[in-house]
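Student: Below is the structure I would like to discuss, written out as structure tokens.
The values are calculated or read from the model by the stated rules, or taken from the named source; none is laboratory data. Only a predicted model underlies this, so the values are computations on that prediction, with no experimental measurement involved. A quick note on method: Cβ atoms are made from the backbone with ideal geometry, for glycine too, and the neighbour counts reach across all protein chains shown. The area values use the complete protein model at the heavy-atom level, side chains included, leaving out ligands, DNA and RNA. Shrake-Rupley method; radii C 1.70, N 1.55, O 1.52, S 1.80 Å.
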Amino acid sequence: MFRSNNNVAARIFERQIATPAPGTSVHCARRFYENIVPSHTIYDIECPDLLFRKFSDDGQYLITFSRNHQDLIVYRTTWLSFSCKEQDCQARDLPSKANKFESFFTQLYSVTLASSGELICKDFFLYTEKNQFGVFATSTAQIHDAPAVGGAIQGIPSIEKITFHLVRLEDGVILDERVFRNDYINLAHSMGVFLYDDLLAIVSLRYQRIHILQIRDSGNLVDVRPIGEYCREDDELFLNSSAQASGTASNTPSSYAYVLLMGMANADRNRTHNVENGSDHIQHIPEASFLSGLKQRLLSFIFRGIWNEEDDPTSRMQCLKKKFYFHFQDYADLVIWKGINNLLIMTQVQFLDRHHLLIKFGSVDGGVARNTDSHPAFFAVYNMETTEIISFYQNSADELYTLFELFCDHFHSSSKNSFHMNFLSTHSNNVHALEQLRCNKGKATSSPQFVKKILSMLPFNCQSQSPSPYFDHSLFRYDEKLISATDRHRQSTDHPIKFISRRPPNILKFKIKPGPQGGSADTGAKKISSFLFHPILPLAISVQQTLFLQPAVVNIHFRR
């Protein structure tokens, strides 16, 4: 009787008499969310003029910004409470105070972050659940035609000042700040920054460096190491001391290696060209520039891979000439730190664990643009401790796609202190998500293009997935074109978004409708919606806005 009803009382009774299988207790407990859903909506709630960001991953805080992009305003969920003297309270209308934002959230504080012409980046927020610290960013306006000086890349915009603020969310105290000047860091949806435990990776697109910082328990941002020109902490000191001892930096081993490799590469190319003209004269080798540390590691990995293809010394040298020396400049241009048309640069990075980084190399245009599906790209796995490249793939590699399909959870690297982020639905831990992925692959007209489209999601943006159980594919089915766990704006619709139970009898559990209750009067205006789901409570906020800066329509969805 209790199993057939599947209501809250039946689930509680079943929990008392049955023991879940080992390792499934949390998943069994999450089934209660099939009955505890945000089934009631308050439309167009009276709300302060705010820019909503998201809930913190533990649900303790609601992060918002002022409309002028100057202030951080933090709220805490309090829930609606009221008394009713009638017998059937569910049939009664809610009191008038229910239409106020303050009935659901209490403001903790407001603190000014932006100064000196800076604005808060409304799409950027990272949260450390261990210490309840928040990382925020402010910046000045972009300069699109900035000259490439001091080793900067041509074609990358410049921002005069970018400031990262470490804020203790409990009381709003700014603990530390880190400033980058005349640089470019992609702050949109945290694309250029990744947080793993207490380690923070910041990608400088303009100067092609990965800055690794550590967030201490004391609230300090401490430099760990930069990765780019140098890979180890003492590389710069060693090279400078070598240059002083020899009197010139060109006598370093790195420059010798570069001249040797460039000489062999140019010799092969020039010999091929001159043999066709009846001569075997090798032209003069141009003066070589200094190799960066990360570029050396990548070229070494490619060299070793080709070296190990053949066992015979003669065949090995022929293979190296054809696959490495002849194409050496193409490999070198892949990560060279200079402005060249159609050049591939380091654009994005994520932690796989505390020691390994997944680095994406893309075009200059792809590094600045938000949509990078059509741009060429490569992926490298880099070990920060040994400073070695572990693997290297093109964005159309079937091997990488297979790894992504089977081990997607490893690409969703979450902090060991974050309990709620361990239950995100992916196609490597959820059969429904896997079926959807393979169905989409079967419908694709071109398999290589489908692989490129899927791999364009890598590296994943940090903390871009909502841990809400209502996005669990094992519990609910919904239209992912209209809503998903990914933190993105969606094209709005006047029709409600349905959440249907996965388990039989597959009934409608609840609906989420953004915008006014009766629909928008201006049907021609393009509307976009964003959704903020609380990670634990049956509570969600939908924000619908047009592209013409009209006031946003904020709805509260909750369990009454």
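Student: Find how much the distance from Val224 to Thr78 grows on full extension, using 0.36 nm per residue of separation minus their present alpha carbon separation; answer in nm with one decimal.
Tutor: Separation in residues times 0.36 nm, less the Cα-Cα distance, equals 48.6 nm.
Student: Ok, one more. Say R0 is 30 Å: what FRET efficiency, to the nearest 0.05, do Ala10 and Asn422 get from their beta-carbon distance?
Tutor: Once the sixth-power term is evaluated, E becomes 0.65.
Student: Once fully extended, how much extra length lies between Phe407 and Arg354, figured as 0.36 nm per residue of separation less the alpha-carbon to alpha-carbon distance?
Tutor: Length difference between fully extended and current span is 17.3 nm.
Student: Going by accessible area, probe 1.4 Å, with all protein chains left in place, what is the ranking of Leu299, Leu237, largest first?
Tutor: Leu237, Leu299
Student: Moving on to the next point. Taking the simple approach of a point 7 Å from Cα along Cα-to-Cβ for both Lys481 and Lys85, what is their distance in nm?
Tutor: 5.2
Student: If you count only protein heavy atoms with a 1.4 Å probe, what accessible area per residue comes out for the range 39-89, rounded to a whole Å²?
Tutor: 48
Student: Over the range 111-152, what portion of Cα pair distances is larger than 12 Å, expressed as a whole percent?
Tutor: Everything past 12 Å amounts to 71 percent.
Student: Would you mind working out the accessible area per residue for the range 121-169, using a 1.4 Å probe, and quoting it in Å²?
Tutor: 36
Student: For a Förster distance of 45 Å, can you work out the FRET efficiency between the beta-carbons of His432 and Asp171, rounded to the nearest 0.05?
Tutor: 0.60
Student: Taking amide H positions as placed 1.01 Å from N in the peptide plane, with prolines and chain starts having none, which residues 5 or more places from Ser466, or on another chain, fall under 5 Å of its amide H?
Tutor: Those lying under 5 Å, H to H, from Ser466 are Thr486, Asp487.
Student: Within the range 122-220, which GluC sites (Glu not before Pro) sit in a loop by DSSP and count at most 15 neighbouring Cβ atoms inside 10 Å?
Tutor: Filter output for the range 122-220: Glu170.
Student: How much area per residue is accessible in the range 380-539 when the probe is 1.4 Å and only protein heavy atoms are counted (Å²)?
Tutor: Result: 49 Å² per residue.
Student: Could you tell me the extents of the range 377-417's C-alpha atoms along the three principal axes, largest first, rounded to whole Å?
Tutor: Reported extents, whole Å, longest axis first: 33, 25, 15.
Student: May I pose another question? How much solvent-accessible surface does Arg232 expose, in Å² to the nearest 10, with a 1.4 Å probe and all protein chains in place?
Tutor: Rounded to the nearest 10, the figure is 100 Å².
Student: As a test of reading the structure, rank Cys408, Cys28 by solvent-accessible area (1.4 Å probe, protein chains only), most first.
Tutor: From most accessible down to least: Cys28, Cys408.
Student: Now for a separate question. Compute the FRET efficiency between Gln394 and Leu237 as 1/(1 + (r/R0)^6), taking r as their Cβ-Cβ distance and R0 = 22 Å, and round to the nearest 0.05.
Tutor: 0.05
Student: While we're looking at this one, here's another question. Rounded, prolate or oblate: which one fits the range 442-560, using the alpha carbon gyration tensor with axes a ≥ b ≥ c (rounded when a/c is under 1.5, else prolate when a/b beats b/c, else oblate)?
Tutor: Oblate, because a/c is 1.5 or more while a/b does not exceed b/c.
Student: Subtract the Cα-Cα distance of Cys319 and Met457 from 0.36 nm times their separation in residues, and report this length gain in nm to one decimal.
Tutor: 46.3 nm
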